[in-house]
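The values are calculated or read from the model by the stated rules, or taken from the named source; none is laboratory data. Remember, predicted model here, so these are calculated numbers, not experimental data. Cβ placement follows ideal geometry from the backbone for every residue including glycine, while neighbour counts extend to all protein chains displayed.
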Amino acid sequence: MSHSHFGQVRLRAFQAQDLEPVVDLWNQCLPKDPISIERFWRLFLLDPNFRPEGALVAECDGSPVGFLQAMVRRLPLGIYPFDPAQGWITVFFVAPEHRRRGIGRSLVSAGLAVLREHGCRTVSCNGYAPSYVFPGIDLDYGEGLALMESAGFQPVAGAVAMSMPLKGVSTPAGVLERRRALASEGVVVGRFEIEDTLPLLCLAEQQFPYWHQSVVEALQFRSGNVFVARKAGSVLGFAQWENPSTDPPSGAPGRFGPFGVHPDFRGNGLGSVLFYTLIEQVASSRAETLWFGWAGGRNQSFYERAGCHITRRYRIVRRRE
């Protein structure tokens with residue numbers, strides 16, 4: 001791989017001395033998603049599924065000019081069913097001045113080869129959890145999306161990031177009325193209490209296994225940021241904010257989620273009561289904005305009705321071997 005204006009490019013595994021230059025390159029290539037050395041270290045190097053051979057660095061004249069992370073699980077995500085044939089490309093980028101030289105294609109090919117060696121037959125970009133930075137490829141990163149499509153990745157879903165300003169926010173009268181009605185039926189919505197532990201974990205295990213680990217970590221580290229709807233010893237729904245698993249970037253408090261209501265209790269206003277009860281608490285904190293990085297489908301409509309607006313749009317793509 002060569003070019004008349006540049007030296008030779010080689011691909012290699014991530015090394016200890018790459019941390020600062022790769023983070024610098026990230027911030028140059030992905031301006032909408034700035035990252036600190038500490039956050040990169042925590043999300044990538046400390047991820048129990050991290051393998052240096054899956055963190056591929058494209059190097060030219062001794063300096064990184066591209067990066068790609070290919071991830072395959074060593075450990076399951078809590079109780080969520082483990083699929084050893086599933087792999088992910090969680091992030092990739094190439095320095096602007098080195099694009100259109102085939103470096104991106106080489107990184108993708110090498111990443112797919114790593115995943116193939118570990119038995120992966122399906123590769124997604126993105127959707128990796130819990131340490132994800134973005135749910136898919138931002139549509140504003142058009143070159144990256146085109147690269148993945150040229151490598152055989154097909155769109156499988158869309159997602160959006162949303163936010164809601166908290167200054168002056170108030171709970172709608174209809175939600176207050178519904179809260180009173182639910183209370184008269186024995187449904188209490190409020191901050192998590194230790195007696196809620198087993199019924200909440202039962203709800204997460206049975207209805208939201210993908211979020212079970214996130215719920216456990218929130219209870220371990222920030223149980224005061226968990227709100228539940230409870231009735232007669234059962235938990236019917238829950239909502240979280242500033243959860244360690246969702247990893248709010250430095251200086252951006254107010255991250256929301258996950259949020260779930262038992263299917264048997266949806267459509268009766270319980271979700272809105274739970275959502276606004278949590279917002280009342282978030283609004284009383286330092287946060288100026290409630291925000292979350294991933295919504296889609298019916299839950300997007302719910303958030304739009306609540307006053308949230310779309311801040312980013314993503315496409316999730318997948319390739320089957």
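Laid out as a table, the results:
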quantity	calculated
Test: residue in the stretch 58-81 that is touching a strand residue (DSSP E or B) at 6+ places or on another chain (Cβ under 8 Å), over 30 Å from residue 215 (Cα atoms), assigned by TED's automatic domain parsing to the domain that holds residue 15 and not in a strand (DSSP E or B)	yes
Complete set of residues in the stretch 157-168 that are buried (at least 16 other Cβ atoms within 10 Å of the Cβ) and among the aliphatic types (A, V, I, L, M)	159, 160, 161, 162, 164, 166
Of the criteria (1) closer than 27 Å to residue 296 by Cα; (2) buried (at least 21 other Cβ atoms within 10 Å of the Cβ), which one residue 182 fails	(1)
Selected residue [over 19 Å from residue 240 (Cα atoms), surrounded by fewer than 21 Cβ atoms within 10 Å (Cβ to Cβ) and without any contact (Cβ under 8 Å) to a residue 60 or more places away in the chain] from 313, 305, 286	305
Among residues of the stretch 187-240, those that are surrounded by 18 or more Cβ atoms within 10 Å (Cβ to Cβ) and outside any helix (DSSP H, G or I), counted	15
In the stretch 7-29, residue nearest to residue 94 (Cα to Cα) [restricted to those that are at pLDDT below 95 and among the aliphatic types (A, V, I, L, M)]	9
Residue ID - nearest to residue 317 (Cα to Cα), chosen from residues in the stretch 73-106 that are in contact with a Gly (Cβ under 8 Å, 6 or more places away or on another chain) and modelled with pLDDT under 95	85
Qualifying residue in the stretch 141-149 (condition: of a type outside the set (A, V, I, L, M, F, W, C) and under 18 Å from the mean Cα position of the chain (by Cα))	yes
Which listed residue is in contact (Cβ under 8 Å) with a residue 12 or more places away in the chain and not aliphatic (A, V, I, L, M), from 82, 44	44
